[in-house]
Amino acid sequence: MNIGILCYPTYGGSGVIATELGKALAVKGHTIHFISYNQPVRLDTFNENIYFHEVRFNNYPLFKFPPYETVLTSKIVDVVKNHNLDVLHVHYAIPHAAAAAMAKNILKKIGIEIKVVTTLHGTDITLVGKDKSFEPVVSHSLFESDVVTAVSNSLKNETHKYFNYDGKINVVPNFIDFQRFNKQPKDHFKKMIAPNNEKVIIHTSNFRRVKRVFDVLEVFRKIAKEIPAKMLFIGDGPERNMLEKECMSCDLCRDITFLGKQEAVEEILSIADLFIIPSETESFGLAALEAMACEVPVISTNTGGLKEVNIDGVTGFTSDVGDTAKMAKDALHILKEENLAQFKSLAKMHSLKYKLDTILPIYERLYQ
Ligand code: GMT
């Protein structure tokens, strides 16, 4: 099939899922046309079945806000027309689903039919999308889509609750490429980070408010009071500076390292004993799944799709948002020598439910 994929190009989970999906579909012989304002970061390999179409526009002094949706729509029309696309797979509703709906109508008027699959990822519904100023457009775009998918049951329910959309939503969970996400022997690196065999705890995120990174620090403080431990923060975003300052002024400064944005997250996860993700809301929590694939148990909140990914008492523990006391108590339980190996192996086992090879055919069937 000729498939167009609209996505954000950045490190965010939706861009990663969209790009990995496109790459895997290309390997299976489909022709993939990525449409985005930059080359997606994970689009790092050459494949003769993959094309990238950059959305560009010339700014004009009158435009206080660049009309991205308009140029995006024109680009979609152009790509569908010139490359005979069969289906457009749109990741993240705002503004991609709206642009796809408009393009579909334009194309219909010139006798070209294009089917639209919209995948909801999370904040397009739970944070940004809930904003009243987006609601009518998001609801309309969902009705205009031929297929709507959501990455968890929780996100499906939230969509029905907050949007004026009563159509079908297929739950298609996110997936992992296990060729990449696997525990790797990284003894040298482990020795560097934890020279005295301290427990290694990791948090990766985009450091936005919703991630509650200060709760991570609070949990780590409580853990480090009881056992020798090291904390690694991976990623970057709005709250990183403030958190770094707070870490510098606390007595644990030497035990906390900020690694910034990292490409080979799986290598760092391979030396970890525990992953903390205390988000306010999380439609899925791809970062937690990536950790589990590398045999790292998870301490998470029980919001959104997190409890579908992190099974309470099995792959880790879940807590109410902000309950750092329980999170620390659970973390210490996992980190006990007599418990750790079992949590690690159960985390890995559960993550295997989310194999790329299992999820890919589901999307292919939906395209058909
Ligand atoms: O909001 C973000 O954190 C970014 C967003 C994205 O577009 O990548 O993440 C959402 O989609 C991911 C991929 O499906 C999910 O794993 C994340 O849980 C979800 N983020 C939130 O719901 C906060």
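The values are calculated or read from the model by the stated rules, or taken from the named source; none is laboratory data. Computed from a predicted model, the values in this text were never measured in an experiment. Backbone-built Cβ (ideal geometry, glycine too); neighbour counts: all protein chains shown.
Going through (1) over 15 Å from ALA103 (Cα atoms); (2) modelled with pLDDT of 95 or more one by one, THR73 falls short only on (1). When we screen LEU88, LEU43, LEU62 for residues that are assigned by TED's automatic domain parsing to the domain that holds THR126, more than 16 Å from the ligand (Cβ to nearest atom) and within 30 Å of LEU289 (Cβ to Cβ), the only hit is LEU88.
Would it be correct to say that GLU290 is touching a strand residue (DSSP E or B) at 6+ places or on another chain (Cβ under 7 Å), in a helix (DSSP H, G or I) and either touching a residue at least 40 places away in the same chain (Cβ under 8 Å) or at negative phi (or both)? Spell out the reasoning first.
Details: touching a strand residue (DSSP E or B) at 6+ places or on another chain (Cβ under 7 Å): yes; in a helix (DSSP H, G or I): yes; either touching a residue at least 40 places away in the same chain (Cβ under 8 Å) or at negative phi (or both): yes.
In short, yes.
Screening the stretch 91-112 for residues that are assigned to a loop (DSSP other than H, G, I, E, B) and more than 16 Å from the ligand (Cβ to nearest atom) and picking the one that is nearest to TYR363 (Cα to Cα) gives ILE112. The set of residues in the stretch 146-165 being assigned to a helix (DSSP H, G or I) and within 16 Å of THR303 (Cβ to Cβ) consists of ASN153, SER154, LEU155, LYS156, ASN157, GLU158, THR159, LYS161, TYR162.
Specify the residue that is surrounded by the fewest Cβ atoms within 10 Å (Cβ to Cβ); the eligible residues are those in the stretch 46-59 that are among the hydrophobic types (A, V, I, L, M, F, W, C) and either at pLDDT below 95 or not assigned by TED's automatic domain parsing to the domain that holds ASP146 (or both). Give the derivation first.
From the stretch 46-59, those among the hydrophobic types (A, V, I, L, M, F, W, C) are 46, 50, 52, 55, 57; that's our starting set.
Those left that are additionally either at pLDDT below 95 or not assigned by TED's automatic domain parsing to the domain that holds ASP146 (or both): 46, 57.
Working: PHE46: 6, PHE57: 15.
The qualifying residue surrounded by the fewest Cβ atoms within 10 Å (Cβ to Cβ) is PHE46.
Given the structure, is LYS326 crowded, with 17+ Cβ neighbours inside 10 Å and not aliphatic (A, V, I, L, M)? So LYS326 fails the test. Residues that are of a type in the set (Ser, Thr, Tyr) and over 21 Å from HIS121 (Cβ atoms) were ranked within the stretch 1-45; the one that is modelled with the highest pLDDT is THR31. Name the pairs whose Cβ atoms lie under 9 Å apart, with the first residue in the stretch 113-141 and under 17 Å from ALA99 (Cα atoms) and more than 11 Å from the ligand (Cβ to nearest atom), the second basic (Lys, Arg) and in a helix (DSSP H, G or I), and 6 or more positions between them or separate chains? Qualifying pairs under 9 Å: GLU113/LYS104; ILE114/LYS104; ILE114/LYS108; LYS115/LYS104; VAL116/LYS104. Looking across the stretch 36-69, not a single residue is without any contact (Cβ under 8 Å) to a residue 12 or more places away in the chain and closer than 16 Å to HIS91 by Cβ. If you take the residues in the stretch 13-41 that are touching a helix residue (DSSP H, G or I) at 6+ places or on another chain (Cβ under 9 Å) and part of a loop (DSSP other than H, G, I, E, B), which one is surrounded by the fewest Cβ atoms within 10 Å (Cβ to Cβ)? That would be LYS28.
Residue count for the stretch 1-35, restricted to those that are touching a residue at least 40 places away in the same chain (Cβ under 8 Å), away from the ligand (no atom under 14 Å from the Cβ) and out of contact with any strand residue (DSSP E or B) (no Cβ under 6 Å at 6 or more places or on another chain): 3. Taken over the stretch 293-305, residues that are touching a helix residue (DSSP H, G or I) at 6+ places or on another chain (Cβ under 7 Å), under 21 Å from VAL210 (Cβ atoms) and within 14 Å of the ligand (Cβ to nearest atom) amount to 4.
Kindly indicate whether VAL309 is buried (at least 24 other Cβ atoms within 10 Å of the Cβ) and within 16 Å of the ligand (Cβ to nearest atom). Yes, satisfied. LYS191 satisfies every condition listed in (1) touching a residue at least 40 places away in the same chain (Cβ under 8 Å); (2) more than 22 Å from VAL309 (Cβ to Cβ) except (1).
Every residue, every condition in (1) more than 15 Å from the ligand (Cβ to nearest atom); (2) crowded, with 18+ Cβ neighbours inside 10 Å; (3) assigned to a loop (DSSP other than H, G, I, E, B); (4) assigned by TED's automatic domain parsing to the domain that holds PHE275, yes or no:
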| site | (1), (2), (3), (4) |
| --- | --- |
| ASN197 | yes, no, yes, yes |
| ILE202 | yes, yes, no, yes |
| PHE207 | no, yes, yes, yes |
| VAL219 | yes, yes, no, yes |
| ILE223 | yes, yes, no, yes |
| LYS230 | yes, yes, no, yes |
| MET242 | yes, no, no, yes |
| ARG254 | yes, no, no, yes |
| LEU259 | yes, no, no, yes |
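Of SER145, SER154, all but one fail to be within 13 Å of the ligand (Cβ to nearest atom) and either among the acidic types (Asp, Glu) or buried (at least 18 other Cβ atoms within 10 Å of the Cβ) (or both); the exception is SER154. Restricting attention to the stretch 267-287, the residues that are more than 16 Å from the ligand (Cβ to nearest atom) and part of a helix (DSSP H, G or I) total 2.
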